[in-house]
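Data first, discussion second: the structure below is written as structure tokens.
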Amino acid sequence: MKLAPLFDHGLSLVFSCYDNEDAVRDFDVMKDYPVNNYFFTRSLEYNLRYVPKSLKINQLHDDDYDYIMHGIDMVLPKVYVDKMWGLSNDTWGAEELNAAHSVIDSRFFTMGKKVKQYEKIFAKKFGSKYAIMSNSGSSANLLTMAALLYSGRLKRGDEILVTAVSWSTTYFPISQMGFKIRFVDINIETLNVDAETLEKAITPATRAVMLVNLLGNPNAFDAIQAVCDKHNLLLLEDNCESMGATYNGKMAGTFGLIGSFSTYFSHHLCTMEGGMNVTDDEELYHYMLSIRSHGWTRHLPKESSIYTKLDDPFYESFNFIMPGFNVRPLEIEAATGIEQLNKLDDFIEQRRKNAILFKESIESETDFLTQKEIGKSSWFGFAIILPARVAGSSIS
Ligand SMILES: Cc1ncc(COP(=O)(O)O)c(C=O)c1O
């Protein structure tokens, strides 16, 4: 691949580690393609963005990793605009299609027993007491923050330390619920946050840490939990990029008080759109049950630490006790999720194989940085950080 000046200053490339063999084929295609023009894209179909001429790549520095890592998931020759070469492809088989059809046949579309069933098996699979599905990973993060606010575990103005490289909706729910964001830089090798850097960022206003497991890589939870314990901070996880990753045999997403997941297209599981929160904290679970649906009591058990229901089902069907949202998922999403969950282990195994192949393909390039695993990554993406010296040169 001919490398153009675009790569002059350590620009990152992130390839998607698809769940299937196509990734390998596409990676090979990439290697041979003469690159003259580039565009950046996260979703090829809808989000094509040419490199703006005005972009001064040489002005990018560490603070810009957010843009680099997430604005640019892949850099491709311009010619591929016409070929629509997908960043990811769908992993659905006959099982998912049949599950979707059976929901359509049932004429029961809104949140119901499929969602309940999916939540139950999801919680079991990840080793959490409770799982609560919503319509996206972004909504899952919103539920996390809202539950912390309305339960009084955090109050408006409290400061939350957050991984500096992530998706927009890791951050927005934090400020939307009135908390203050303090960014913590990532380690360039692991692309996650180091415990020492985290500890240094703590201020007297810090009350919680929102940790992102970036691109499939779990964080060093032992060291980070120790910092949180020492400073009495809540640990929260945005695990939307790292389903199936493990640290010391425990699933990423289950280390925090609440962990979030995304099942958007291209993620480890695909339910079209979809999100999930897991927690072992019953009270926060109940808050999320209410906040997910308008702030009502309908989905709460009779007795809860947040509310005791009256013996009047009609009243409790229309009783609103806190400022909620409507971020409910659909039955069709849950039905496909049930089928996808059966395949998760295979998907992750394939992603791990692809990552090994990618690594082997570039191992001769000793100063190309790839993401160093902490624990076992589930390889949401494959990051390559290029050194300045390769500007304008070629690799084979
Ligand atoms: C770290 C992170 N958080 C949140 C989200 C949002 O998930 P969703 O697209 O399901 O809203 C994403 C999306 O990829 C993400 O990468």
Condition first: in contact with a helix residue (DSSP H, G or I) (Cβ under 8 Å, 6 or more places away or on another chain) and either within 12 Å of the ligand (Cβ to nearest atom) or not charged (D, E, K, R) (or both). Now tell me which residues in segment 140-154 satisfy that. N141, L142, L143, T144, M145, A146, A147, L148, Y150, S151, L154
Can you name every residue in segment 212-269 that is assigned to a helix (DSSP H, G or I) and either within 13 Å of the ligand (Cβ to nearest atom) or of a type in the set (K, R) (or both)? L214, L215, G216, K230
G216 - would you say it is of a type outside the set (F, W, Y) and surrounded by 15 or more Cβ atoms within 10 Å (Cβ to Cβ)? yes
Can you tell me which of (1) in the same structural domain as N248 (by TED's automatic domain parsing); (2) more than 15 Å from Y285 (Cα to Cα); (3) away from the ligand (no atom under 16 Å from the Cβ); (4) not aliphatic (A, V, I, L, M) is the one D105 doesn't meet? (1)
Part of a loop (DSSP other than H, G, I, E, B), within 16 Å of the ligand (Cβ to nearest atom) and at pLDDT 95 or above: does that describe V209? no
Looking at G337, G324, can you tell me which residue is crowded, with 21+ Cβ neighbours inside 10 Å and modelled with pLDDT of 95 or more? G337
Hits in segment 155-170 (condition: within 15 Å of the ligand (Cβ to nearest atom) and more than 19 Å from I224 (Cβ to Cβ)): W167, S168, T169
Could you pull out the residue among E349, E273, E339 that is within 24 Å of E95 (Cα to Cα), of a type in the set (D, E) and within 16 Å of the ligand (Cβ to nearest atom)? E273
Could you please find all residues in segment 109-136 being over 25 Å from N248 (Cα atoms) and either small (G, A, S) or in contact with a helix residue (DSSP H, G or I) (Cβ under 6 Å, 6 or more places away or on another chain) (or both)? F109, G112, K114, V115, Y118, M133, S134, S136
State which residue is farthest from G375 (Cα to Cα) when the search covers only segment 339-363 and only residues that are more than 19 Å from the chain's Cα centre (by Cα) and β-branched (V, I, T). I362
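The values are calculated or read from the model by the stated rules, or taken from the named source; none is laboratory data. Bear in mind that the values here come from a model prediction, so they are computed numbers and not experimental data. Backbone-built Cβ (ideal geometry, glycine too); neighbour counts: all protein chains shown.
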